[in-house]
Amino acid sequence: MAKVEIYTSPFCGYSTRAKQLLQSKNVVFEEINIFTTSGARDEMVDRAHGHHTVPQIFINGVHIGGCDELFTLDHHGELDPKLAEEVVA
């Protein structure tokens, strides 16, 4: 199973939708709340190549984008294969 990280905000409907999609696929993910985790916002912006909106989602350390990009991957049948990839050490 892939390592999934999602930077979120408790006030963001897009974060909620992205988490719901991942949960519907029984994906275990690390949620990083940018308001309660010190330095998380800056870390997210750096990792996401300047993107500053939440959610920002990473699968096996690769930035895939936000909620819209996650749903697009799912719609095109590309999300499940990414989620099935093993974590590369």
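Quick note: the coordinates plus some simple rules give every number you see, no bench work behind them. Remember, predicted model here, so these are calculated numbers, not experimental data. Please note: Cβ atoms are built from the backbone with ideal geometry, for glycine as well, and neighbour counts cover all protein chains shown.
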| So what is the relative contact order for the chain, in percent, with contacts set as C-alpha pairs under 8 Å and at least six apart? | 39
| note | The size of the Cβ-based charge dipole (Lys, Arg +1; Asp, Glu -1) of the chain about the Cα centre, to the nearest 20 debye, is 200
| Nearest-5 percent of antiparallel DSSP beta bridges in the chain? | 60
| request: Determine, at each q value in 0.15, 0.21, 0.22 (inverse angstroms), the log₁₀ of I(q)/I(0) that the Debye formula gives when each Cα of the chain is one equal point scatterer. | output: -0.50, -0.99, -1.09
| query | When ranked by the protection proxy of mean other Cβ atoms within 10 Å per residue, highest first, what sequence do the peptides 26-38, 67-79 form? | reply | 67-79, 26-38
| task | Please give, to one decimal in nm, the separation of the simple spin-label points placed at H51 and A84, each 7 Å out from Cα toward the Cβ. | result | 2.4
| field | Top of G50, G65, G13 by mean-square fluctuation, Gaussian network on the chain, Cα under 10 Å | value | G50
| For H63 and H75 in the same chain, what is the full-extension length gain: residue separation times 0.36 nm, less their Cα-Cα distance, in nm? | 2.5 nm
| request: Extending each Cα 7 Å along its Cβ direction at R41 and T16, get the distance between those two points in nm, one decimal. | output: 2.2
| task | Measure out, as a whole number of angstrom, how far apart the alpha-carbon centroids of region 11-46 and region 55-80 sit. | result | 12
